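In what follows, a structure is listed as C-alpha cells, so that the remarks can point back to it.
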Amino acid sequence: MPALRKPSHEIVAQALASGKTQADAYRAGGYAFQPANAHRSCTSRAIAHRVQEIIAECVAQESRVRDLAIEKTALTDSWIIIRLRHTIDMAIRGLPVYDKHGRQLTNLDGSPIFRPNLAQANSGLRLAAQIQGMLVKRHEIGEPGQFTRMMDQELEFSLIEAWKALGFCEKIIQEALTAKVITKDQHDSR
C-alpha cells in the first residue's frame with residue numbers, strides 16, 4: 001500500500017511505526033494533542049494498517065540487508081556456529097591462573113588451574129539459543145481481537161504469514177504448528 005493520502009496521517013503512521021507514543025506521533029503529524037483525538041486517530045483502521053505495513057517493510061529490508069552482508073562476507077551458518085561453540089567452550093574452560101612470578105598454578109595432580117568466565121559463557125549460550133530460535137522476540141501484529149474472529153484455517157494462514165514477515169524459518173513455523181498444546185491441568189498433573 002502506498003503512503004496515506006493525507007501527509008499528516010502518513011507522518012503519524014511513520015512515527016507510530018518507529019516506536020513513538022500516540023501523543024508524540026499525533027504531535028509529529030502537526031496536531032494539537034488531545035488524548036481522545038490522538039487515540040482515535042492513531043487507532044483508525046487506515047493508520048493502524050499503514051503502521052503494520054511500515055513495520056513489515058522494515059523487517060523485509062533488514063532481512064535483505066542481512067542477506068547481502070552475509071553474501072558479501074561469505075559467512076555461513078556453520079562457520080558462525082563452529083566459532084561460537086569454540087568461544088563458549090573457551091569461556092567455560094577459562095584462562096590459566098598465574099602466580100605473582102608468572103608461573104602457571106597447578107592442582108596437586110599437576111593439572112593446570114583455569115579461571116572460567118561464566119558471564120561470557122552465559123552471553124555466548126544466550127546468543128546460541130537465539131540462533132537456534134529458542135528465544136523469540138515478540139511483536140504484536142494486527143489489531144486487538146483480530147484473531148478471535150477467524151476460523152481455524154484463516155488463523156493458521158495469518159500466523160504463518162506473520163511468522164514469515166518476522167523472519168522465522170520454515171522449520172520453526174512447522175514445529176510451532178504441530179506442537180502439542182499442554183493445558184495447565186496437564187502440566188500440574190506431571
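Every number here is computed from the coordinates shown, using simple stated rules; none is lab data. Fair warning: this is a prediction, and the values are worked out from it, not measured in the lab. Please note: Cβ atoms are built from the backbone with ideal geometry, for glycine as well, and neighbour counts cover all protein chains shown.
Legend: residue pairs K20/K164; K6/K171; K20/K171, Cα-Cα distance threshold 30 Å; pairs beyond threshold, K6/K171; K20/K171.
Each part reduced to its alpha carbon centroid, region 22-72 and region 78-142 end up 39 Å apart.
In this structure, E71 and H49 have a Cβ-Cβ separation that, at R0 = 22 Å, corresponds to a calculated FRET efficiency of about 0.10.
Taken over the chain, the percentage of Cα pairs per 10 Å bin, counting from 0 up to the bin with the maximum distance, is 7, 20, 23, 21, 16, 8, 5, 1.
For the Cα atoms of the chain, what angle does the longest principal axis make with the long axis of helix 77-93, in degrees from 0 to 90, nearest 10? It is inclined by approximately 50 degrees.
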